[in-house]
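The values are calculated or read from the model by the stated rules, or taken from the named source; none is laboratory data. Computed from a predicted model, the values in this text were never measured in an experiment. Reconstructed Cβ throughout: ideal geometry from the backbone, glycine too, with neighbour counts over all protein chains shown. For accessibility, only protein heavy atoms count, side chains too; no ligands or nucleic acids. Shrake-Rupley method; radii C 1.70, N 1.55, O 1.52, S 1.80 Å.
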Amino acid sequence: MKKLNLVMWRSMDYLARKMKKSCSGLALSGGLNATTFNKSKRQSKYGQPRWLSMETIFKILKSSDTSFMEYAAILQTLMDSMNDVDDDGNSIM
């Protein structure tokens, strides 16, 4: 499950790069707080993963002019690129 969570966050990093923005700039373009995608927000202080809400994802898809199908393809590509990570997000190399 941690692997999927990591991929979800990396997809936001990907969309920020695609738009030639920082993660803060991506958040602002979607009408979100500039700190929404900060690395410190990706897990709790106890190390538990934090999940992006569907509302957040859809705001970013709209602001980045990315269809849900395109986003699904991004997620799949990122999942495929993580063959060296187990389902908990730990390196297996």
(message) For L28, only one of the following conditions fails: (1) over 12 Å from the mean Cα position of the chain (by Cα); (2) open to solvent by less than 90 Å² (accessible area, probe 1.4 Å). What is its number?
(response) (2)
(request) Filter region 66-90 down to the residues that are at pLDDT 95 or above and assigned to a loop (DSSP other than H, G, I, E, B), then identify the one that is least open to solvent (accessible area, probe 1.4 Å). (result) T66
(message) Condition check: open to solvent by less than 70 Å² (accessible area, probe 1.4 Å), part of a loop (DSSP other than H, G, I, E, B), modelled with pLDDT of 95 or more and not basic (K, R). Does T56 satisfy that?
(response) no
(message) What's the total number of residues in region 37-49 that are of a type in the set (D, E, K, R) and under 11 Å from the mean Cα position of the chain (by Cα)?
(response) 2
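Matching residues to (1) at pLDDT 95 or above; (2) outside any helix (DSSP H, G or I); (3) in contact with a helix residue (DSSP H, G or I) (Cβ under 8 Å, 6 or more places away or on another chain):
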position: L6; (1), (2), (3): no, no, no
position: S11; (1), (2), (3): yes, no, yes
position: L15; (1), (2), (3): yes, no, yes
position: K21; (1), (2), (3): yes, yes, yes
position: G25; (1), (2), (3): yes, no, yes
position: N33; (1), (2), (3): yes, yes, yes
